[in-house]
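The block underneath contains the structure these notes are about, expressed in structure tokens.
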Amino acid sequence: MRNDFDFFHQIRVRFGEVDQQGIVYNGNYSIYTDVAFEEYFRAKGHPYKYLAEGESEICHRKYTATYSSSAVYDDLLDVGVRLKEIGTRSFTLIFEIYRAGENELLFDAQSVYVGYDSTNRCSQPISPLMRKLLTE
């Protein structure tokens, strides 16, 4: 539900993102959520690139999505991001996409992220900074 989100990032649908039917190709919705993910942390003063270069690297563990309606070329989309839950080594974000100014849900997804040690290629606890950014 739109009111459950404090953060939205707007994205305009470009011509190259639609199929022959004029609707957004379903693979692009995950790109929209990735862009909103990065902007979510940028809005908190910590671009994800810098978090990942420090002790706050994470990786995707699971991504589930539901397509409810279609976006089309030139739609202005609001992509909402919010924390669903956080554990010791992982957290789950919820994404919802709406047309700007509308309440009809077009798409929703849940993404599970795991703290990641790229040197040893294994999971690690979520860093204190990442935990702070997610829970503020």
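The values are calculated or read from the model by the stated rules, or taken from the named source; none is laboratory data. None of the values given here were measured: they were computed from a predicted structure. Cβ atoms come from the backbone with ideal geometry, glycine included; neighbour counts cover every protein chain shown. Ligands, DNA and RNA are stripped out before the accessible areas are found, and what is left, the full protein with its side chains, is counted by its heavy atoms. Shrake-Rupley method; radii C 1.70, N 1.55, O 1.52, S 1.80 Å.
Packing order of peptides 100-110, 16-26, highest average first: 100-110, 16-26 (average count of other Cβ atoms within 10 Å over each peptide's residues). Just to be sure I understand, if you calculate mean projected area of the Cα convex hull in nm² for this structure, which of (1) 9.1; (2) 7.6; (3) 8.4 do you get? Here the calculated entry is (3).
Which of the peptides 116-124, 28-36, 84-92 is most tightly packed, and how do the rest follow, going by the mean number of other Cβ atoms within 10 Å of each residue? Display every interim value, and only then the final one.
Numbers: 116-124: 12.3, 28-36: 18.8, 84-92: 14.7.
The peptides rank, most packed first, as 28-36, 84-92, 116-124.
Pairs of alpha-carbon atoms within less than 8 angstrom and 6+ residues apart define the contacts here; what relative contact order does the chain have, in percent? Averaging sequence separation for qualifying contacts and normalising by length gives 28 percent for the chain. Computed in the context of the full set of protein chains, the accessible area of region 38-112 at 1.4 Å probe radius has 43% of its extent on carbon or sulfur.
Computed per residue of the chain from DSSP H runs no shorter than four, each worth -39500 (n - 2.57), the mean residue ellipticity at 222 nm is -6500 deg cm²/dmol.
For the chain, the per residue solvent-accessible surface stands at 57 Å², with DNA, RNA and ligands left out and a 1.4 Å probe.
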